[in-house]
Amino acid sequence: MTVDRRLLIVNADDYGLTRGVSQGILRAHREGIVTSTSVLAVAPAFAASVAWLADEPGLGVGAHLAAVGEDPPLLSASEIPTLVDRRGRLAASWRQFLPRAAAGRIDPSDLAVEFSAQAEAIVDAGVSLTHLDTHQHLHLWPVVRSVVLEMAEALGVALRVTRSAARSPVGVVVRRLSRTLEAECGRRGIPFPAAAAGLDEAGALDRSTLVRTIRRLAAAPGRSAEVGSHPGEAGDPDRHRYRWDYRWEEELAALTSPLARQAVDDGGFMLGTYAELAS
């Protein structure tokens with residue numbers, strides 16, 4: 001008897017952030033349940049680690065498009081003036097970016113050219129893209145959403161739709177924005193997972209939390225689901241720049257645990273990538 005299993009994508013964010021993060025993601029794929037990763041082309045270890053992806057043909061790869069964060073954009077300040085400050089730096093986080101976007105101070109064309117440069121940097125390294133998403137989930141917001149939707153449509157790739165189960169004000173806003181993004185993806189024919197988790201658990205996806213998360217997704221409707229994660233190797237000396245309070249090594253241990261594989265099987269899932277959404 002053939003068992004009809006639903007698709008589960010386990011995506012690891014921030015490939016290229018540091019060598020240790022990239023190595024952790026690759027180990028989580030080889031030894032665990034990670035099936036996909038999102039590459040941060042602006043990050044310091046991108047150039048050193050992007051070539052490693054050639055040895056992992058089963059790992060789906062997307063572009064983790066950045067308009068905020070600690071690292072500089074690929075383009076100059078003169079090319080994207082509304083995205084940077086006088087020193088050429090991006091907004092530190094969504095908390096600084098969103099008020100500027102709401103005030104109409106972010107030019108969508110600046111986002112488009114910077115995001116295109118980031119995606120092209122990944123493709124030029126010999127990587128085929130399966131999906132797009134954004135650093136700190138900015139594509140939930142209207143000015144960024146429109147740009148990323150157009151990119152996904154033009155490239156013929158899937159788009160990640162961030163969801164939240166939290167009862168906090170942020171969770172309520174994320175759910176409202178995610179419904180709009182889902183509707184736009186449906187209207188344009190852009191594939192996206194039917195359910196998703198990982199935002200609420202970001203940086204704290206230990207073994208027990210991962211198992212609970214997979215069980216929750218197993219109870220959700222739809223033929224596909226996604227878990228977002230942030231694995232990385234322990235003792236990474238380069239992570240001091242990123243004061244996110246993430247427990248990268250705990251997430252790596254969870255994703256490579258036999259408990260994770262068992263939860264996938266018990267949930268009736270098959271592991272795969274965003275490339276399989278269309279089929």
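The values are calculated or read from the model by the stated rules, or taken from the named source; none is laboratory data. Just so we're clear, the structure is a prediction, and the values are computed from it rather than from any experiment. Positions of Cβ are generated from backbone atoms using ideal geometry, with glycine treated the same way; all protein chains shown enter the neighbour counts.
Test Glu251 against the stated conditions and say whether it is part of a helix (DSSP H, G or I), touching a His at 6+ places or on another chain (Cβ under 7 Å) and touching a residue at least 12 places away in the same chain (Cβ under 8 Å). Answer is yes for this residue. Arg30 satisfies every condition listed in (1) within 16 Å of His230 (Cα to Cα); (2) touching a helix residue (DSSP H, G or I) at 6+ places or on another chain (Cβ under 9 Å) except (2).
Looking at Val21, Val34, Val10, just one residue is outside any helix (DSSP H, G or I), of a type outside the set (Phe, Trp, Tyr), modelled with pLDDT of 95 or more and closer than 18 Å to Gln136 by Cα, and that residue is Val10.
Residue-by-condition table, conditions (1) under 15 Å from Ser22 (Cα atoms); (2) modelled with pLDDT of 95 or more; (3) more than 18 Å from the chain's Cα centre (by Cα); (4) buried (at least 21 other Cβ atoms within 10 Å of the Cβ):
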site: His230; (1), (2), (3), (4): yes, yes, no, yes
site: Glu233; (1), (2), (3), (4): yes, yes, yes, no
site: Asp236; (1), (2), (3), (4): yes, no, yes, no
site: Arg239; (1), (2), (3), (4): yes, no, yes, no
site: Arg243; (1), (2), (3), (4): no, no, yes, no
site: Leu252; (1), (2), (3), (4): yes, yes, no, yes
site: Ser257; (1), (2), (3), (4): no, yes, yes, no
site: Ala263; (1), (2), (3), (4): no, yes, yes, yes
site: Met270; (1), (2), (3), (4): no, yes, yes, no
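All told, Thr213 falls short of being surrounded by 18 or more Cβ atoms within 10 Å (Cβ to Cβ), of a type in the set (S, T, N, Q), touching a Ser or Thr at 6+ places or on another chain (Cβ under 8 Å) and modelled with pLDDT of 95 or more.
Is at least one residue of the stretch 112-123 part of a loop (DSSP other than H, G, I, E, B), touching a strand residue (DSSP E or B) at 6+ places or on another chain (Cβ under 6 Å) and of a type outside the set (Lys, Arg)? No, that holds for no residue. Considering the stretch 18-54, the residues that are closer than 16 Å to Thr130 by Cα and of a type in the set (Val, Ile, Thr) include one that is surrounded by the most Cβ atoms within 10 Å (Cβ to Cβ), namely Thr37.
I need the full set of residues from the stretch 124-166 which are acidic (Asp, Glu) and either within 26 Å of Ser49 (Cα to Cα) or part of a loop (DSSP other than H, G, I, E, B) (or both), in order please. Write out each step before concluding.
Kept after step one, since they are acidic (Asp, Glu), are these residues of the stretch 124-166: 124, 133, 150, 153.
Passing the criteria: Asp124, Asp133.
Can you tell me how many residues within the stretch 223-248 are assigned to a loop (DSSP other than H, G, I, E, B) and either touching a Phe, Trp or Tyr at 6+ places or on another chain (Cβ under 9 Å) or small (Gly, Ala, Ser) (or both)? Step through it out loud before you land on a result.
At the first step, the residues of the stretch 223-248 found to be assigned to a loop (DSSP other than H, G, I, E, B) are 223, 230-236, 242-247.
Narrowing further to those that are either touching a Phe, Trp or Tyr at 6+ places or on another chain (Cβ under 9 Å) or small (Gly, Ala, Ser) (or both): 230-236.
The qualifying residues number 7.
Would you say Thr130 is in contact with a strand residue (DSSP E or B) (Cβ under 7 Å, 6 or more places away or on another chain), surrounded by 14 or more Cβ atoms within 10 Å (Cβ to Cβ) and more than 15 Å from Ala41 (Cβ to Cβ)? Here the answer is yes, as Thr130 does meet what is asked. Would you be able to say whether some residue in the stretch 219-227 is surrounded by 13 or more Cβ atoms within 10 Å (Cβ to Cβ) and under 17 Å from Arg247 (Cα atoms)? Yes, the stretch 219-227 contains at least one residue that is surrounded by 13 or more Cβ atoms within 10 Å (Cβ to Cβ) and under 17 Å from Arg247 (Cα atoms). The residue that is nearest to the chain's Cα centre (by Cα), among those in the stretch 42-83 that are part of a loop (DSSP other than H, G, I, E, B) and within 13 Å of Arg19 (Cα to Cα), is Ala43.
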